[in-house]
Amino acid sequence: MKPLRKAVFPVAGLGTRFLPATKAMAKEMLPVVDKPLIQYAVDEARAAGIQQFCMVTGRGKTAIVEHFDIAYELEATLRARSKNAELAMLRELQMPPGSISTVRQQEPLGLGHAIWCARAFIGDDPFAILLPDDLVMSNVPCTQQLADAYNETGGCVVAVTEVPRAQTNRYGILDIGSDDGRLVEVRGLVEKPKPEDAPSNLSIIGRYVLTSGVIEHLSRMERGAGNEVQLTDAMAKMIGQVPFHGLRYEGRRFDCGDKIGFLEAQIAFALKRPDMAPAVREFLKHYT
Ligand code: UTP
């Protein structure tokens, strides 16, 4: 079984739910407390042993790539002002030379199309996908949990969580076979089913480990829900070809592509910070 060393970060979406903030700025650069969403995702992947990172970018997304570059002038100024803590923080951000690739998705034709755009990077290797707008707070990084499950089962593993049945039409939903409470066998996948048609209320979140075979299915460019090339539809075709499991990960997911989820993430992550939690708790009293 090939080790998991590659991750793809699709960041070419339009972010329409966040207009006007995302008119000229990438959704993935929105900060939760003081870190942009993309950095949470890259840090999570690095913590899971990922060594090669591919960002699928689009128009107006250059700041995302620049965020991981060395900022010589800024570092020189910080050094001159003895801002050592800030300098150390920037150093931690630095990625090994050559570890970040970018590919362009010229038109936002869907998540599946974005992944297909990274096909040369993926080659024949297994790869993780992290959607930066899904932010996961957990003890063990979510991608590490998936990598551990992949090392047990091989094939494809997707992170899953229970959602209210009324909300199945927002997510990719699993049809499940055996279930040991942690790992579930995936028998089918449906993108955004109506509550009455949903085979379960287990939904896929934006964390996946897939084998390269999915690219062949994506290359047919079949349109699915919303007339987009859906990753879920291509993954569904992998069932039966390779082992396919859902992992009930430990942790809490915040949907930061949605305004309420984003606000909740701000509060939850601020309350985890010893330097901020007392002040945040204090001001929250005024709003309850
Ligand atoms: P979303 O469904 O959140 O779409 O994409 P979006 O365009 O980013 O946001 P809204 O719904 O218009 O507000 C999920 C992930 O897939 C990427 C997005 O960047 C996001 O990380 N994506 C989506 C692409 O890279 N390309 C696409 O064509 C669509």
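The values are calculated or read from the model by the stated rules, or taken from the named source; none is laboratory data. Just so it is clear, the model here is predicted, and its values are computed rather than measured. As a convention, Cβ positions derive from the backbone with ideal geometry for all residues, glycine included, and neighbour counts pool all protein chains shown.
Residue pairs whose Cβ atoms lie under 6 Å apart, sitting 6 or more positions apart in sequence or on different chains, and linking a residue in segment 15-34 that is touching a residue at least 12 places away in the same chain (Cβ under 8 Å) and under 14 Å from R59 (Cα atoms) to a partner that is within 11 Å of the ligand (Cβ to nearest atom) and β-branched (V, I, T), are G15/T22; A26/I64; E28/V11; E28/I38; E28/I64.
Rundown of residues vs (1) modelled with pLDDT under 95; (2) assigned to a helix (DSSP H, G or I); (3) in contact with a Lys or Arg (Cβ under 9 Å, 6 or more places away or on another chain), yes/no style:
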{"position": "K2", "(1), (2), (3)": "yes, no, no"}
{"position": "R17", "(1), (2), (3)": "yes, yes, yes"}
{"position": "A24", "(1), (2), (3)": "yes, no, no"}
{"position": "D43", "(1), (2), (3)": "no, yes, yes"}
{"position": "C54", "(1), (2), (3)": "no, no, yes"}
{"position": "G60", "(1), (2), (3)": "yes, no, yes"}
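Helices (runs of 4 or more DSSP H) wholly in segment 66-127 with at least 3 residues that are in contact with a strand residue (DSSP E or B) (Cβ under 7 Å, 6 or more places away or on another chain) - which ones?
Hits in segment 66-127: 111-117.
Please work out if Q94 is more than 16 Å from the ligand (Cβ to nearest atom) and within 26 Å of F127 (Cα to Cα). Yes; evaluated as a whole, the condition is true for this residue.
Scanning segment 144-186 for residues that are over 19 Å from F127 (Cα atoms) and assigned to a helix (DSSP H, G or I) returns R165, A166, Q167, T168, N169, R170. The residue list G172, G177, G181 contains one member that is more than 22 Å from the chain's Cα centre (by Cα), surrounded by 13 or more Cβ atoms within 10 Å (Cβ to Cβ) and either under 18 Å from A225 (Cα atoms) or not basic (K, R) (or both), which is G177. Whenever a residue of segment 161-175 is closer than 21 Å to Y208 by Cα and touching a residue at least 60 places away in the same chain (Cβ under 8 Å), its partners that are of a type in the set (V, I, T) and assigned to a helix (DSSP H, G or I), lying with C-beta atoms within less than 6 angstrom and at least six residues away or across chains, give the pairs G172/T232.
To keep it simple, each residue is scored yes or no on (1) buried (at least 23 other Cβ atoms within 10 Å of the Cβ); (2) within 9 Å of the ligand (Cβ to nearest atom).
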residue: R5; (1), (2): no, no
residue: F9; (1), (2): yes, yes
residue: A12; (1), (2): yes, yes
residue: G15; (1), (2): no, yes
residue: A21; (1), (2): no, no
residue: R46; (1), (2): no, no
residue: I50; (1), (2): no, no
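Would you point out the residue of segment 239-250, among those that are buried (at least 16 other Cβ atoms within 10 Å of the Cβ) and not in a strand (DSSP E or B), that is nearest to the ligand (Cβ to nearest atom)?
Going through segment 239-250, the residues buried (at least 16 other Cβ atoms within 10 Å of the Cβ) turn out to be 239, 243-249.
Okay, now just the ones that are also not in a strand (DSSP E or B), so 243, 249.
Working: P243: 25, Y249: 18 Å.
Looking at the filtered set, the residue picked out is Y249.
Is there a residue being in contact (Cβ under 8 Å) with a residue 24 or more places away in the chain, in contact with a Gly (Cβ under 7 Å, 6 or more places away or on another chain), among the hydroxyl-bearing types (S, T, Y) and part of a loop (DSSP other than H, G, I, E, B) anywhere in segment 187-208? No, there is no match, as no residue in segment 187-208 is in contact (Cβ under 8 Å) with a residue 24 or more places away in the chain, in contact with a Gly (Cβ under 7 Å, 6 or more places away or on another chain), among the hydroxyl-bearing types (S, T, Y) and part of a loop (DSSP other than H, G, I, E, B).
Among the listed residues T288, T211, identify the single one that is of a type in the set (V, I, T), out of contact with any Ser or Thr (no Cβ under 7 Å at 6 or more places or on another chain) and buried (at least 16 other Cβ atoms within 10 Å of the Cβ).
Working: T288 fails: buried (at least 16 other Cβ atoms within 10 Å of the Cβ).
It is T211.
In segment 215-222 there is at least one residue matching the filter, namely being under 21 Å from the mean Cα position of the chain (by Cα) and within 16 Å of the ligand (Cβ to nearest atom).
Of all residues in segment 209-231, those satisfying the criterion of being of a type outside the set (D, E), within 21 Å of D133 (Cβ to Cβ) and assigned to a loop (DSSP other than H, G, I, E, B) are G224, V229, Q230.
Keeping to segment 256-275, report how many residues are among the hydrophobic types (A, V, I, L, M, F, W, C) and part of a loop (DSSP other than H, G, I, E, B). Step through it out loud before you land on a result.
Of segment 256-275, the ones among the hydrophobic types (A, V, I, L, M, F, W, C) are 256, 260, 262-263, 265, 267-271.
In the following step, the residues that additionally are part of a loop (DSSP other than H, G, I, E, B) were identified as 256.
So the answer is 1.
So, in segment 13-62, how many residues would count as being of a type in the set (A, V, I, L, M, F, W, C) and within 13 Å of the chain's Cα centre (by Cα)? I'd like the intermediate steps shown before the answer.
Looking only at segment 13-62, we keep the residues that are of a type in the set (A, V, I, L, M, F, W, C), and these are 14, 18-19, 21, 24-26, 29-30, 32-33, 37-38, 41-42, 45, 47-48, 50, 53-56.
Narrowing further to those that are within 13 Å of the chain's Cα centre (by Cα): 37-38, 41-42, 45, 53-56.
Residues flagged as of a type in the set (A, V, I, L, M, F, W, C) and within 13 Å of the chain's Cα centre (by Cα) within segment 13-62 amount to 9.
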